[in-house]
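The structure appears below as structure tokens.
The values are calculated or read from the model by the stated rules, or taken from the named source; none is laboratory data. A quick note: this is a predicted structure, and the numbers were derived from the prediction, not measured. Backbone-built Cβ (ideal geometry, glycine too); neighbour counts: all protein chains shown. For the accessible areas, the whole protein counts, side chains as well, though only heavy atoms, and no ligand, DNA or RNA atoms are used. Shrake-Rupley method; radii C 1.70, N 1.55, O 1.52, S 1.80 Å.
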Amino acid sequence: YAIMNYLAAEDMGMSRRQRLGDMVNQALGHIDQWFVLKTAPYMRAFMVAITCKALIRYYEVTQDPRVPPAVKKAIDGAWTQAWLPQQQTFQYTNVETRNISPASMGYNTGGTDPSPDFNLVLGPVYAWWYMQSGDTTYRDKADQIFAAGVTKGGPALYYAKQFNQNYWWSFEYLHYRRLAQPGGKVGSSVET
């Protein structure tokens, strides 16, 4: 959220803050902790999506070459660690947090239950990568995620947090899908 707020401030005419670079480095570090080093005690797919949204927004402004491979790493890792194909959604947490160290900040804060109420925050990230890469595997994943978010989001969307997170940028899924279609502007020269 800090990354997006700093960028919004720039949109309003403020100068770039040094802290923006620190926040971007921290977000990239989170992706490494979740999926490369695996030093984080747990991963939540919706947190991955929020991190990726911030990095995508940063990439739109700066074209920082670190962002696309980090986003791909994040969505591949979230899919591998937390996607539940039968339920067409991600687990809330990739591990039972009651089984991690009680000294951990996330101890006993959520389990591996299906969490379709967060699908619409995740779908746009996969659609963005499809737009960037042209790889239809990610289009198909984005479509599955988005469709289940619409049909299975359920009663949890009545809660402000879930509602706000889901509809905060869910329409970007449609935007990225349209841009990636023939006649649309396919993203970039990012290699997959």
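Could you check segment 112-126 and list, in sequence order, the residues that are farther than 19 Å from Tyr158 by Cα and either charged (D, E, K, R) or surrounded by fewer than 24 Cβ atoms within 10 Å (Cβ to Cβ) (or both)?
Thr112
Could you list all residues from segment 7-40 that are open to solvent by 70 Å² or more (accessible area, probe 1.4 Å) and outside any helix (DSSP H, G or I)?
Hits for segment 7-40 are Met12, Met14, Ser15, Arg16, Arg17, Val36, Leu37, Lys38, Thr39.
Could you please give the count of residues in segment 128-152 that are buried (at least 19 other Cβ atoms within 10 Å of the Cβ) and over 14 Å from Trp79 (Cβ atoms)?
Residues that pass the stated criteria total 6.
Looking at Lys152 and the list (1) in contact with a helix residue (DSSP H, G or I) (Cβ under 7 Å, 6 or more places away or on another chain); (2) charged (D, E, K, R); (3) without any contact (Cβ under 8 Å) to a residue 12 or more places away in the chain, which single condition is not satisfied?
If we test Lys152 against (1) in contact with a helix residue (DSSP H, G or I) (Cβ under 7 Å, 6 or more places away or on another chain); (2) charged (D, E, K, R); (3) without any contact (Cβ under 8 Å) to a residue 12 or more places away in the chain, just (3) comes out false.
Exactly one condition in (1) assigned to a helix (DSSP H, G or I); (2) at pLDDT below 95; (3) surrounded by 16 or more Cβ atoms within 10 Å (Cβ to Cβ); (4) not charged (D, E, K, R) is false for Val190; which is it?
(1)
Can you name the number of the only condition in (1) surrounded by 14 or more Cβ atoms within 10 Å (Cβ to Cβ); (2) farther than 19 Å from Ile75 by Cα; (3) of a type in the set (Ser, Thr, Tyr) that Tyr176 fails?
(2)
Take segment 94-111 and flag every residue that is open to solvent by 40 Å² or more (accessible area, probe 1.4 Å), of a type in the set (A, V, I, L, M, F, W, C) and farther than 25 Å from Gly154 by Cβ.
Within segment 94-111, Ala103, Met105 meet the criteria.
Please work out which residue is nearest to Pro69 (Cα to Cα), limiting yourself to segment 1-52 and to residues that are among the small types (Gly, Ala, Ser) and out of contact with any helix residue (DSSP H, G or I) (no Cβ under 6 Å at 6 or more places or on another chain).
Among residues in segment 1-52 that are among the small types (Gly, Ala, Ser) and out of contact with any helix residue (DSSP H, G or I) (no Cβ under 6 Å at 6 or more places or on another chain), the one nearest to Pro69 (Cα to Cα) is Gly29.
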